[in-house]
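Below: the structure, in structure tokens.
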């Protein structure tokens, strides 16, 4: 039987000592609550299903996220580390004081709804995908806590709520006029690296981080190949270079302003630590596209456009995936938006048939 005692502070403490189990104790506001907990806990011990929950009851989400960011996040890619730190701030701000045991599906669902109804510091609505990724981080934290941290958690509450829909898929294409004006502006820009990077993105469908992270030894002009040892999906790949991309790389590798001690193909100015990092062009790109009246055109849309052009050129899904690095055909199809006018041409090319009556 459990021992129930009244503490000097006026609460009631239940202590359970049972052979084969560690001593367990917990304090309650009323004697009845202490007796109920002791009776329930002893019953679970007898049935062999008792789980020590004190760890999850003591650890707040804030402390859990701090541990996750220290132990789990460093094993991921640099871009993922930065993104998870940002998501963790939001979760801590709204849910950080809850213990892991106290966070219920209802509380997390309220968080989801409140986030979707809020706006960012710039006054823009919080996107469905932003909230989805925040919930994904929270869900993985619970998975790690259940499997590895031994806190006595028995289930993941995030799995019991409805996730926001991904929202409409982006289908921004680059028109002929926009392409002409964009590259005319890039040709006139003071730093030729911006034009080279944009052209390579369109011609090779590489991601911006893959392009700017390239080292000189990863480019083979002879074989027209760029080797990417570390990509978003975790697998290395070789990217074929079109004639235009090859010439862009040739010019970049011969860049007379490249410092002798820097092997980055596209390099920036030294930081405070005197180290050179990849060329950061986000701010310049943002200003340039606004000047051209293309504020809604993202740099990633160049990759999108390039993949769609490969599909329109008749490349198979397997060939496009090998070039783009997509593992899932479903993910690849998000980028393949065919122009209606091109489909009309294909229809006109079909054998003529008499209309049925």
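The values are calculated or read from the model by the stated rules, or taken from the named source; none is laboratory data. Just so it is clear, the structure is predicted and the values come from calculations on it, not from any experiment. Virtual Cβ from ideal backbone geometry, glycine too; neighbours counted across all protein chains shown.
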Does residue 174 satisfy the criteria of being surrounded by 13 or more Cβ atoms within 10 Å (Cβ to Cβ) and either in a helix (DSSP H, G or I) or at pLDDT below 90 (or both)? no
Quick check, is residue 89 modelled with pLDDT of 85 or more, out of contact with any helix residue (DSSP H, G or I) (no Cβ under 6 Å at 6 or more places or on another chain), exposed (fewer than 15 other Cβ atoms within 10 Å of the Cβ) and not in a helix (DSSP H, G or I)? no
Go through the range 4-20 and give me each residue that's touching a strand residue (DSSP E or B) at 6+ places or on another chain (Cβ under 7 Å) and either within 11 Å of residue 31 (Cα to Cα) or part of a loop (DSSP other than H, G, I, E, B) (or both). 4, 5, 6, 7, 11, 12, 13, 14
Which one of 313, 254, 295 is within 25 Å of residue 333 (Cβ to Cβ) and surrounded by fewer than 11 Cβ atoms within 10 Å (Cβ to Cβ)? 313
Identify, by number, the condition in (1) in contact with a helix residue (DSSP H, G or I) (Cβ under 9 Å, 6 or more places away or on another chain); (2) surrounded by 13 or more Cβ atoms within 10 Å (Cβ to Cβ); (3) not in a loop (DSSP other than H, G, I, E, B) that residue 37 doesn't meet. (1)
Do we find that residue 146 is in the same structural domain as residue 89 (by TED's automatic domain parsing), surrounded by 14 or more Cβ atoms within 10 Å (Cβ to Cβ) and farther than 30 Å from residue 308 by Cβ in this structure? yes
Kindly evaluate residue 76 against the criterion of being under 30 Å from residue 209 (Cβ atoms), in the same structural domain as residue 145 (by TED's automatic domain parsing) and loosely packed, with under 14 Cβ neighbours inside 10 Å. yes
Residue 234 vs (1) under 18 Å from residue 263 (Cβ atoms); (2) out of contact with any strand residue (DSSP E or B) (no Cβ under 8 Å at 6 or more places or on another chain); (3) without any contact (Cβ under 8 Å) to a residue 60 or more places away in the chain: all pass except (1)
Give me the residue from the range 99-111 that is crowded, with 17+ Cβ neighbours inside 10 Å and in a loop (DSSP other than H, G, I, E, B) and, out of that set, farthest from the chain's Cα centre (by Cα). 101
Would you call residue 190 assigned to a helix (DSSP H, G or I) and surrounded by fewer than 20 Cβ atoms within 10 Å (Cβ to Cβ)? no
Can you tell me which residue is surrounded by the fewest Cβ atoms within 10 Å (Cβ to Cβ) among those in the range 21-32 that are touching a strand residue (DSSP E or B) at 6+ places or on another chain (Cβ under 8 Å) and within 19 Å of residue 152 (Cβ to Cβ)? 23
Going residue by residue through the range 134-146, is there one that turns out to be over 21 Å from the mean Cα position of the chain (by Cα), outside any loop (DSSP other than H, G, I, E, B) and farther than 30 Å from residue 294 by Cα? yes
Candidates 184, 201, filtered to the one that is under 29 Å from residue 266 (Cβ atoms), assigned by TED's automatic domain parsing to the domain that holds residue 235, out of contact with any strand residue (DSSP E or B) (no Cβ under 7 Å at 6 or more places or on another chain) and surrounded by fewer than 17 Cβ atoms within 10 Å (Cβ to Cβ): 184
